[in-house]
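See structure below.
The values are calculated or read from the model by the stated rules, or taken from the named source; none is laboratory data. Remember, predicted model here, so these are calculated numbers, not experimental data. So basically every Cβ, Gly included, is an ideal-geometry build from the backbone, and we count neighbours across all protein chains shown.
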Amino acid sequence: MKTENSNKLFTESIRYFPGGVNSPARAWNAVSGNPVFLENGAGPYVWDADDNKYIDYVLSWGPLILGHAASSVVESITSSVLKGTSFGAPTKTENDLGKMIIDAFPSIDMIRFVSSGTEAVMSAIRLARAHTDRNKIIKFEGGYHGHADSLLVNAGSGAATHGTPSSSGVTYSNANDTLTANYNDLESVRSLFTENKNEIACVIVEPIAANMGVIPPVTGFLEGLRDITTSNSSLLIFDEVVTGFRVAYGGAQSLYNIKPDITCLGKIIGGGLPVGAYGASHKIMQEVSPLGPMYQAGTLSGNPVAMSAGSATLKALQMSGIYDDLECMSQYLEREIYNLLTKSKLPVKINRVGSMMTIFFSESEVTSWKSASGSKTDIFIKLFHSMLNQNVYLPPSPYEAMFLSTEHRENEISSTIISLKTALET
Ligand code: HOZ
């Protein structure tokens, strides 16, 4: 594979940006080697600076559920951009997308658009604190909710320990208000509530973990979180930045039939442009400025071009059968990968919900960060590079989700399988 141009660009970019990138996962530290620089995307494919063509299973880390440069999205962006790119004033485009999201999520009566998932989550935490007048929050080990200070906290070794910052620049007082429990372990949540009676503002959870690889909730986990938070007058926040409109039109909450108090969205609702949002009941959203005392603002919030990309994407997703079709293709890919890897005697567990999945090289089931981090990452790294050489672009980390779009058809899946066969033989 030719990589001359990508390498040249990387040599230049490390002079401009820390690690040569504007978001760390792109630097390929988890798989080593230089990242490829992408130039074009169309449907399920991307092309790099050396004109190598790949089947793309990253899809901008999730937003591109319709594939790259979907014509309805491009047309909508184009017609919006011709009318002006930003006003810093209300527009009809916000109403249109806002209504579509509120119709799709029964737990949301009102919504506030922001410009990224990080912003959505950071604001949702502030809202939970404002509403409950409490400071502490619970997150889960291995759960990633963007890079706001209070969420960049590691669990350490016990479920009931106070957090330690997992980034320099995060203060201990900030970390001390963030308690960490174990994903899929209700007992660890209950103990934190017992030890911090009447102090916990909220529990924030990815209802299907997607940032330690894909880890679905075990039966009863989300129901348990709902019960524990309700009985402690604490709020339940679902971070559906990845899962919203991905695993079902109404997100993971419709799939598992649980109503959180606050929902965070991002990725798909921006159709590939920068958008985030948080929404809740009327009662909770009354806290948000200018209605209430919780301040949060942004010049580019509800940007008309981004709103139009989101609306076009959601409109396309309303087409009947789309999620069944995604499920069918994803199931086919999972089955074929599983058969090939087990035939090669590799220890494999594939976690999949709809069109997002992670291949873990592990003997045991992967249900938490502990089991995810115990998987054999060296096998994944080798596979990542072999697949890249066969023109398949997997997420450059063993702890990320691979995504399918509506454009990943039999043709792409069977090419992926052929590539995997070759990768396993070499
Ligand atoms: N936080 C993203 C992965 N879950 C990576 C974002 C990026 O590098 O674009």
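Thr358 passes every criterion in (1) within 16 Å of the ligand (Cβ to nearest atom); (2) part of a loop (DSSP other than H, G, I, E, B) apart from (2). The residues listed here are Gly67, Gly88, Gly20; of these, the one that is touching a Pro at 6+ places or on another chain (Cβ under 8 Å) and away from the ligand (no atom under 16 Å from the Cβ) is Gly67.
Number of residues in the range 227-258 that are over 10 Å from Ile208 (Cα atoms) and assigned to a loop (DSSP other than H, G, I, E, B): the value is 10.
For the range 287-305, a tally of residues being more than 22 Å from Lys92 (Cα to Cα) and not hydroxyl-bearing (Ser, Thr, Tyr) returns 4. Where helices (runs of 4 or more DSSP H) fall wholly inside the range 43-136, the ranges with 2 or more residues that are loosely packed, with under 15 Cβ neighbours inside 10 Å are 71-81, 92-104.
Exactly one residue out of Ser344, Ser330 is touching a residue at least 12 places away in the same chain (Cβ under 8 Å), among the small types (Gly, Ala, Ser) and under 19 Å from Lys267 (Cβ atoms), and it is Ser330. A Cβ distance below 6 Å, combined with a sequence gap of six or more or placement on separate chains, defines the contacts here; from the range 132-148, residues that are away from the ligand (no atom under 16 Å from the Cβ) reach residues that are at pLDDT below 95 and among the charged types (D, E, K, R) in the pairs Asn135/Asp177; Lys136/Asp177.
For the range 35-54, the criterion of being within 16 Å of the ligand (Cβ to nearest atom) and without any contact (Cβ under 8 Å) to a residue 24 or more places away in the chain is met by at least one residue. Within the range 25-34, if we keep just the residues that are in contact (Cβ under 8 Å) with a residue 40 or more places away in the chain and within 11 Å of the ligand (Cβ to nearest atom), the residue that is nearest to Ser397 (Cα to Cα) turns out to be Ala30.
Between Ser60, Ser13, the distinction of being more than 13 Å from the ligand (Cβ to nearest atom) and either modelled with pLDDT under 95 or polar (S, T, N, Q) (or both) belongs to Ser13 only.
The set of residues from the range 389-404 being surrounded by 22 or more Cβ atoms within 10 Å (Cβ to Cβ) and more than 16 Å from the ligand (Cβ to nearest atom) comprises Val392, Leu404.
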